[in-house]
1. Which of S221, S103, S274 moves most in a GNM of the chain, Cα contacts under 10 Å?
2. Taking DSSP loops as anything outside H, G, I, E and B, show the longest stretch in the chain free of trypsin sites (Lys or Arg not before Pro) there with at most 16 other beta carbons within 10 Å.
3. Of the residues D36, D267, D209, which exhibits the maximal mean-square fluctuation in a Gaussian network model of the chain defined by a 10 Å Cα contact cut-off?
4. How big is the dipole moment of the chain about its Cα centre under a simple scheme where the beta carbon of each Lys and Arg is +1, that of each Asp and Glu is -1, and everything else is neutral? Debye, nearest 20, please.
5. Using Cα-only point scatterers and the Debye equation, what is log10 of I(q)/I(0) for the chain at each q in 0.06, 0.08, 0.11, 0.14 Å⁻¹, rounded to two decimals?
6. In nm, to one decimal, how far is the modelled label at D234 from the one at D172, with both set 7 Å along Cα→Cβ?
7. Give me the percent relative contact order of the chain, please, defined on Cα pairs under 8 angstrom at least 6 residues apart.
8. If we restrict to alpha carbons, what Rg and Dmax does segment 222-338 come to, in Å?
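Each reported figure results from applying straightforward, stated rules to the coordinates on display, with no laboratory input. Since the model is a prediction, treat every value here as computed from it, not as a measurement. Cβ coordinates were reconstructed from backbone atoms using ideal geometry, including for glycine residues, and neighbour counts include every protein chain displayed.
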Amino acid sequence: MWISSAPLRISLAGGGTDVPSYAERFGGMVLGATVDLRVTVVGRPGRTHKHVRACLDSCSSTADGGVVANPFAQEALRRHWDGGPLELASFADVPGGSGLGSSSAFSVALLAGLEAGRLSPAEAAEAASVIEMQGLGRPVGRQDQYLSAFGGFRLLRFSREGTVEIEEVPVDERFVRQLDEELLLFFTGTTRDAGDVLGEQNARVGGSDRDAESRLHEIKSLTPLALDALKNNDATALGEVLGRHWNLKRHLGSRVSLPVVDRAYADALEAGASGGKLLGAGGGGYLLLHAREAARAQVRAAVTAHGFTEQPFRFDGRGVRVTAVDPAGRYEELVPAH
């Protein structure tokens, strides 16, 4: 049996510039970090049957991995399953479609498990990207897969030629713990498909919409500012970058924001938040806010008054991990090679 897990991520700046419709023309740059919320996949050889039994979004048994209900699993099995009897189950710390990259984390974890830890983080990230972007044809980028596979604070550069440069960003541990306290995460209660939300942005950029291109250029230009905020241990400056990012992003498509989010965000700023944004493609999911200690209670009260639920989290540098468990119950961690 193997147990594989991969972390969820928070995108701090540059999100959207990794989508191929933009990155292949202008090059993209994203700064993000992983947290202690994860997706876990458990797999073992089947003992009572000779097919795939998968308990993912729902349970199913099939002789053909190509008809497993979960489309990400279906595509992963088509490309990486050896055809032997297999039982699969998955667990996530947050709902799917909530802006923390859970679909990509699931794909990275599943692939790492199916390949018994033989994939490097870069290989796992690229294989997961192929599944989502080519196999499933989703109009998404590659930041989620790379952040989940590598873990930690990372600066990702996406070239016009399709290569990805991964740079580890050293952040003072005391400042990381400060961010754990000052960055607040709230679930809006609404989930969505990132591909659906990004479809409009993708079409606008693919059609050379000057306004969309200009907004993404500005979003990319915020990435060095967020990087400077991390290097200078300046949480307020980081919060302000989040706010500037959101003001640009929310006009990239008609489904990026929601009226209740706009009201909650305005009230959070009134209560003392320095800035924030919806994570992921937008359209619901999780709202990230920065608030200094003096304003934290007021910000919490302002946002929860809209029915949003706070989600505790901490930054965590661990990327994808695979553990093998033998019949005697002995554990061996299969750490992917960097």
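1. Checking each option, the largest mean-square fluctuation is seen for S221.
2. On the way: sites that count: R47, K50, R118, R160, R292, R314, R318, R330.
Longest site-free region, per DSSP loop and neighbour criteria: 161-291.
3. D209
4. Working: 36 positive and 42 negative charges, 72 e Å.
Once rounded to the nearest 20, the dipole reads 340 debye.
5. Here the Debye-derived log intensity ratios amount to -0.20, -0.36, -0.69, -1.08.
6. Inter-label distance under the simple model: 1.3 nm.
7. Details: 780 pairs, mean separation 86.7, N = 338.
In percent, rounded to a whole number, it is 26.
8. 18.6, 58
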